[in-house]
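Worksheet: the structure to be examined is printed underneath.
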Amino acid sequence: MFVIIEAVTLGLTTIWFALGALIALLASMLGASLPIQIFLFLLGSGISLYFTRPVVQKILKVGHTRTNVDGLVGQKARVIERVNPVEGKGKVMVAGQVWSAKTLDGCILEEDEEVEILDIQGVKLVVKTLQE
């Protein structure tokens with residue numbers, strides 16, 4: 001059943017449970033009792049999930065979609081509204097677009113200051129001043 005679901009979804013969601021079911025099937029064929037089969041199913045599924053899921057996610061890059069916005073990191077921007085981490089306000093302009101901005105070090109950035117984009121957190125750019 002899990003193999004069929006896996007084939008239909010095209011995303012590694014149940015393959016670990018299919019392995020656990022296979023282990024339980026083999027135990028059943030060897031005459032194991034139902035509680036032992038259930039235990040082996042859970043154990044086999046859990047172990048395979050724990051050890052293989054991180055590797056599979058890394059290889060398939062599941063859960064992270066790169067977009068053009070990732071290309072903003074490292075670019076220069078100009079402050080158009082004072083960036084004040086205490087108030088949580090501030091805007092910068094980069095490539096003709098206005099973005100909310102914040103700093104990690106708590107510095108206040110004034111209008112017309114040139115900054116570098118360090119990261120993107122949600123819908124805010126993390127910036128630092130170039131005047132250091």
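Throughout, read-outs are computed from the coordinates displayed, never taken from laboratory work. What you see is a predicted model, and the numbers here were worked out from it, not measured in a lab. Positions of Cβ are backbone-derived with ideal geometry, glycine not excepted, and every protein chain shown enters the neighbour counts.
Among E111, E87, E116, the ranking by other beta carbons within 10 Å of each residue's beta carbon, starting with the fewest, stands as E87, E111, E116. Each residue in I36, I59, I23 was given a count of other beta-carbon atoms within 10 angstrom of its own, and listing them fewest first yields I59, I36, I23.
Considering only Cα atoms, the convex hull volume of the stretch 68-129 works out to 68 Å³ per residue.
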